[in-house]
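See below for the structure under consideration.
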Amino acid sequence: MKGVPLTVDLYKYIIDTFINEDDILKQVVKDTAEMKLPLIQVSPETGKLLGLFIKMINAKNVLEIGTLTGYSSIWMARALPDNGKITTLEFSEAHAKEALKNFEKAGLKNKINLILGKAMDTLDKLSEKDFDLVFIDADKENCVNYFNKVIPMVRKGGLIITDNTLRRGEVIAPNPGPGTQGIISYNKFVSTDCRVESILIPIDDGITLSFIK
Ligand SMILES: C[S@@+](CC[C@H](N)C(=O)[O-])C[C@H]1O[C@@H](n2cnc3c(N)ncnc32)[C@H](O)[C@@H]1O
């Protein structure tokens, strides 16, 4: 195997050198924990990378499936140009309420449109159908369904990025749970789908990146 296994010290080096998680983002995580909501937001390094992808492809219009309390939405919204926007989908009222508060605190209310409801139903009704980048980070069992639903909405040269595609290593375990089975099917699907070119990047819990050809 080529590459350097990540140690705690190396990880700290990367974070200290490259990651600028400000007080607002830190507070989002702190409040999420204090409210006893799930602490399943992306890592700071994934947030930063999502922002960099947005800048690299000059994205203006982003779709996110799975808002939680808005941590990843804030990273992405900050990377967008002033006229850029994010549509983010969430079915938990408690998560959405907290996310809206956080968007306000971050001064990003005007850039982010949160739609409450089951993502699959919302996707059927979306009026906006012209995205540069889609970030999939909700129920893992539905990843392939989300991919098939959104791919006609993403421009050529755009990206579909899915989180947790290593599932803390469970993708190679003998008896994976249903969420992991969803991810295994997803990774297999996008690695062979001729509409995209894909790679799994082993950052945090893994993201799978698909470039629309
Ligand atoms: C991993 S969290 C999202 C984390 C967020 N992207 C971040 O990094 O800050 C997944 C979110 O998806 C939501 N979710 C799960 N299944 C959903 C569905 N079918 N429709 C809409 N939202 C869903 C959950 O309520 C949860 O808030």
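The values are calculated or read from the model by the stated rules, or taken from the named source; none is laboratory data. This structure is a prediction, so every number in the text was calculated from the model and none was measured. Note: ideal-geometry Cβ built from the backbone for every residue, glycine included; neighbour counts use all protein chains shown.
Brief remarks on what is shown
- Those helices (runs of 4 or more DSSP H) of the range 10-112 in which 2 or more residues are touching a residue at least 60 places away in the same chain (Cβ under 8 Å) occupy 23-34, 44-56, 93-105.
- Residues of the range 38-49 that turn out to be more than 8 Å from the ligand (Cβ to nearest atom) and in contact with a Leu (Cβ under 8 Å, 6 or more places away or on another chain), as a count: 1
- Within the range 100-123, the set of residues being crowded, with 16+ Cβ neighbours inside 10 Å and either within 8 Å of the ligand (Cβ to nearest atom) or hydroxyl-bearing (S, T, Y) (or both) comprises A119, M120, T122.
- When K55, K85, K97 are checked against the criterion of being at pLDDT 95 or above, more than 7 Å from the ligand (Cβ to nearest atom) and within 20 Å of Y146 (Cβ to Cβ), a single residue qualifies: K85.
- Check on I136, touching a residue at least 60 places away in the same chain (Cβ under 8 Å) and not small (G, A, S): yes
- Count of residues meeting criterion [crowded, with 19+ Cβ neighbours inside 10 Å and out of contact with any helix residue (DSSP H, G or I) (no Cβ under 6 Å at 6 or more places or on another chain)] in the range 28-42: 1
- Top-ranked residue in the range 124-141 [being surrounded by 18 or more Cβ atoms within 10 Å (Cβ to Cβ) and either more than 16 Å from F211 (Cα to Cα) or of a type in the set (G, A, S) (or both); ranked as farthest from the ligand (Cβ to nearest atom)]: K140
- Residues of the range 161-179 that are more than 18 Å from Q41 (Cα to Cα), outside any helix (DSSP H, G or I) and either away from the ligand (no atom under 16 Å from the Cβ) or of a type in the set (V, I, T) (or both): A173, P174, N175, P176.
- Just one of (1) within 9 Å of the ligand (Cβ to nearest atom); (2) outside any loop (DSSP other than H, G, I, E, B) fails for V144. It is (1).
- The range 113-138: number of residues that are in a loop (DSSP other than H, G, I, E, B), acidic (D, E) and touching a Lys or Arg at 6+ places or on another chain (Cβ under 9 Å): 2
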